[in-house]
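Colleague: For reference, the structure I am asking about is given below.
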Amino acid sequence: MSNITIDPDVKPGEYVIKSLFAEFAVQAEKKIEVVMAEPLEKLLSRSLQRGEDLQFDQLISSMSSVAEHCLPSLLRTLFDWYRRQNGTEDESYEYRPRSSTKSKGDDQQRERDYLLERRDLAVDFIFCLVLIEVLKQIPVHPVPDPLVHEVLNLAFKHFKHKEGYSGTNTGNVHIIADLYAEVTGVLAQSKFQAVRKKFVTELKELRQKEQSPHVVQSIISLIMGMKFFRVKMYPVEDFEASFQFMQECAQYFLEVKDKDIKHALAGLFVEILIPVAAAVKNEVNVPCLKNFVEMLYQTTFDLSSRKKHSLALYPLITCLLCNCLSHLKNKDPKMSRVALESLYRLLWVYVIRIKCESNTVTQSRLMSIVSALFPKGSRSVVPRDTPLNIFVKIIQFIAQERLDFAMKEIIFDLLSVGKSPKTFTINPERMNIGLRVFLVIADSLQQKDGEPPMPTTGVVLPSGNTLRVKKIFLNKTLTDEEAKVIGMSIYYPQVRKALDSILRHLDKEVGRPMCMTSVQMSNKEPEDMITGERKPKIDLFRTCIAAIPRLIPDGMSRTDLIELLARLTIHMDEELRALAFNTLQALMLDFPDWREDVLSGFVYFIVREVTDIHPTLLDNAVKMLVQLINQWKQAAQMHNKAQDSQRGVSSGAAHTLPLERTLYSNVFHVVEGFALVILCSTRPATRRLAVSVLREIRALFTLLEISKSDDELAIDVMDRQSASILESFIHLTGADQTTLLYCPSSVDLQTLADWSSSPISHQFDVVSPSHIWIFAHVTQGQDPWIISLSSFMKQENLPKHCPTAVSYAWMFAYTRLQMLSPQVDINSPINAKKVNTTTSSDSYIGLWRNYLILCCSAASSSSSSTSTGSVRCSPPETLASTPDSGYSIDSRIIGIPSPSSLFKHIVPMMRSESMEITESLVLGLGRTNPGAAGGRRWGEPCGAPRASEAGASIPRLRVLWLCLRAIVVAAEGARCAVSCPGGASLTGLLLRRSG
């Protein structure tokens, strides 16, 4: 609240109004200061109109409520504030621009004048906002006539044309004039005769002057001051008074010769008459309205045929349907747009108001309209480049009385229903209209909305007070039973089939090719790619995705649909990405039967298509996965709360869990396996996201009250083991061990994922466990996470307690390993430049090494735990070659991989000349799960050396022999091995250390 002190001894009502006005004065001054600090070019409405500052809006609304009890005193105080702000004590309020382009001062002085003028305009803006609200209370608390005249004098002086004025504040001057026009419109609702008298007097004075461009512009400005005047429909006396005034204006319209004044009056009539047309019923028989229409009709109709008058006067002539249709193909886009808007208002009157004519006559008229708007065989609509919502409303009006005609003759044709796949083509605009109007009609029938209202002009009030009723559309799937109830059962299946065809074609043309992972889209801006024919297709794609889950395409499996939606979350178009993810969230929140499929399907999508060469996309995808889990959690909380309420009502009925909850644990293990793969990342931020996934799964698991099985949750196991793992290497880092000693329970997976102090190994270290010593050697001065990862993957840890999650992790990690191999193998054709041999945390080598360790540790020949029946969304093919990579990957490997396929893939890479790759291979193979070898001898996958190799690279063969020997030593359980060929190799240290 403000710091202004109010005497607490005054009456309660007086204290309230004084406190409120003091707060208004303080807040208004703050807003003026903000406006003064903004660039002069910025319009005041951007900062001051309603909706920009909710606190200030609430303050003004409070003043309106208080005005019910003290409107006159509030108005006087408000005028005192206005005078003080403008520095005027008289009541003239003459608006005098402080500067113009003709001023001859220096630039600095002119800039100062513009700034002061901007302040005056800001004061007027705030003043009008309050007037608009408080003057609405005049019917409740009448005010003296002098105050009414004071408001009118001030408003009409702002309507005066400022001849020669042109400056930075020109746009703001017009906004203030419109605001005072809105004030006048509010005042006219209760003081119409005073407003009418003032307008007529001002107009009479201007008409008596000799006509000149200044006088013409002054009259037009005066007419524009009445643009927000609205006819009162009741009582009938007010209705008649309003149209008597309209007749006076109509008489002037007929008499005036100047074209611009005529057009201004025509525009004023349109603004006033459209709301009347939307509400009028029996009032059409009132003589004053009939006289007004008869007075204007013939003259306006004759003038509208002249080119110079047609654009301005045509909206007044929405009476002959054939005349409207003849202008739809007008070469002037403005004229064709006016013709279309006139047509659809007239159509509303014909269909909604008078309920059509006989069937034959009605069908003939409607067919002529449809043929003009949607020509048979055309790929577009007429007129082009018109907002599609106008066509949607036209079809909606027709469907209100002729549903079968609208569906079979219009919507089916727009959606290409019944066309064979060979002849099916995408017509974006037509299909967009057809799909949208079907959804609107179905929604209206289900919600029993009744007749659609007459279209308005959509004028936005300058104060920001425009009343917009936000339509809430249903998001629940339209079932066959519901379609039957609303009378659309014979159309619904065909629309679903059409949606399926549209989605498949769009995905092929502008879906998959425009994903951000596509090579063709790399380093391209969306604005450059979403142009030409792609733009309307993507707009149609948006509509189709927004229609789901309201409409489920018929012919597309659930798996395919989820895959499509998931893929669109990495599309070039930002709006399409948001719509696709919103649809996935809606499926998670409102459709229990879809949750398992969405979650597992989204995981498989990330594994297959969001590669590690797009780290930002990968992070965003994992964040979306967290949000999807949150949606399930939110739905579960709502369900539990509803059940608690029911138990309270049903006197303590026993709590029973749905049997299907026990099935969800398999999906959770899929997500856990994916999170373990993401934990292989060398980027701490990505690992933190993986930890979040595991935590969310635990929270959801607990919330669903799923009974514990043989498998523990991965996060529980990892949190439990984190302290001992950190203890195994913390002494090599030199980090503070106080927390570990005194509060080991505070060390969890998050602690290890964020740990940054890298251990330093020494050649003669005989204290550390062997695997700690080896990994410390590898990570000297780098990210120590590899130590934690390898420790978690020891057979007595995660593989023992979480076998199902680890088996999924093996499947996913192998897929990621395949996709990343071409990036790290310097012999790969797609690897244009030599692998960066630095072992930074962001290098592909480090990530590939971590994947390899996970694969070798988790590899198992048993596939029972990840059988495709355990989750409804089948696992991905683990072949991961990219089409353009040229990298050989065994295309026969489908579903769950075998350890032999892993060895066939990685062992030949030991021939690589990269030290880091060889080191990583020995490190990974040395961690191989004993059960994965199946009796195979380690040297077999590599094959015998070729003669060319034997003759050309004897030292290299020795290196391979050393590597193999190191792996054998590790596999036999003596030590964990890693090699670094050449020089003081780690393999040599390892072999000496192992005897």
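The values are calculated or read from the model by the stated rules, or taken from the named source; none is laboratory data. Here the structure is a predicted model, which is why all the values come from computation and not from measurement. Here the Cβ is made from the backbone with ideal geometry for all residues, glycine too, and neighbour counts use every protein chain on show.
Colleague: Determine which single condition F764 fails, assuming it passes every other condition in (1) of a type in the set (F, W, Y); (2) at pLDDT 85 or above; (3) surrounded by fewer than 19 Cβ atoms within 10 Å (Cβ to Cβ).
Modeller: Here F764 meets the rest and fails (2).
Colleague: Being assigned to a loop (DSSP other than H, G, I, E, B) and assigned by TED's automatic domain parsing to the domain that holds E533: is that true of K419 here?
Modeller: Judged against the criteria, K419 is a match.
Colleague: Let me ask you something else. Please work out if A28 is in a helix (DSSP H, G or I), at pLDDT 90 or above and closer than 18 Å to L116 by Cβ.
Modeller: When the stated conditions are applied, A28 passes them.
Colleague: Let me ask something else about it. Go through the stretch 394-426 residue by residue and tally those that are among the polar types (S, T, N, Q) and either crowded, with 23+ Cβ neighbours inside 10 Å or farther than 28 Å from R337 by Cα (or both).
Modeller: Summing the residues that are among the polar types (S, T, N, Q) and either crowded, with 23+ Cβ neighbours inside 10 Å or farther than 28 Å from R337 by Cα (or both) in the stretch 394-426 gives 2.
Colleague: Further question on the same structure: Kindly evaluate D449 against the criterion of being closer than 25 Å to T362 by Cα and in a helix (DSSP H, G or I).
Modeller: no
Colleague: Here's something else I'd like to know. Can you tell me which residue in the stretch 704-726 is farthest from N640 (Cα to Cα), limited to those that are modelled with pLDDT of 85 or more and among the acidic types (D, E)?
Modeller: D719
Colleague: Same structure again: In the stretch 522-573, how many residues are free of Cβ contacts under 8 Å to residues at least 40 places away in the same chain, buried (at least 19 other Cβ atoms within 10 Å of the Cβ) and assigned to a loop (DSSP other than H, G, I, E, B)?
Modeller: So the count comes out to 1.
Colleague: I would also like to ask the following. Looking only at the stretch 120-159, filter to residues that are more than 45 Å from the chain's Cα centre (by Cα) and not in a helix (DSSP H, G or I); which one of those is surrounded by the fewest Cβ atoms within 10 Å (Cβ to Cβ)?
Modeller: Checking each candidate, the answer is P144.
Colleague: Hey, could you check the stretch 606-627 for residues that are in a helix (DSSP H, G or I) and over 21 Å from the mean Cα position of the chain (by Cα) and say which is surrounded by the fewest Cβ atoms within 10 Å (Cβ to Cβ)?
Modeller: Only one residue fits best here, namely P615.
Colleague: Go over the candidates V195, V231 one by one and state the one that is closer than 18 Å to K136 by Cβ and at pLDDT 95 or above.
Modeller: One residue alone meets the criteria, V195.
Colleague: Within the stretch 727-760, take every residue that is modelled with pLDDT under 75 and hydrophobic (A, V, I, L, M, F, W, C) and give me the one that is farthest from I787 (Cα to Cα).
Modeller: Residue satisfying both the conditions and the ranking: C743.
Colleague: For the stretch 8-57, name all the residues that are out of contact with any helix residue (DSSP H, G or I) (no Cβ under 9 Å at 6 or more places or on another chain) and among the hydrophobic types (A, V, I, L, M, F, W, C).
Modeller: The answer is A22, V26, A37, L54.
Colleague: Is it the case, given these coordinates, that S47 is without any contact (Cβ under 8 Å) to a residue 24 or more places away in the chain and surrounded by 15 or more Cβ atoms within 10 Å (Cβ to Cβ)?
Modeller: So S47 passes the test.
Colleague: For the stretch 167-221, which residues satisfy the criterion of being free of Cβ contacts under 8 Å to residues at least 24 places away in the same chain and part of a loop (DSSP other than H, G, I, E, B)?
Modeller: K209, E210, S212
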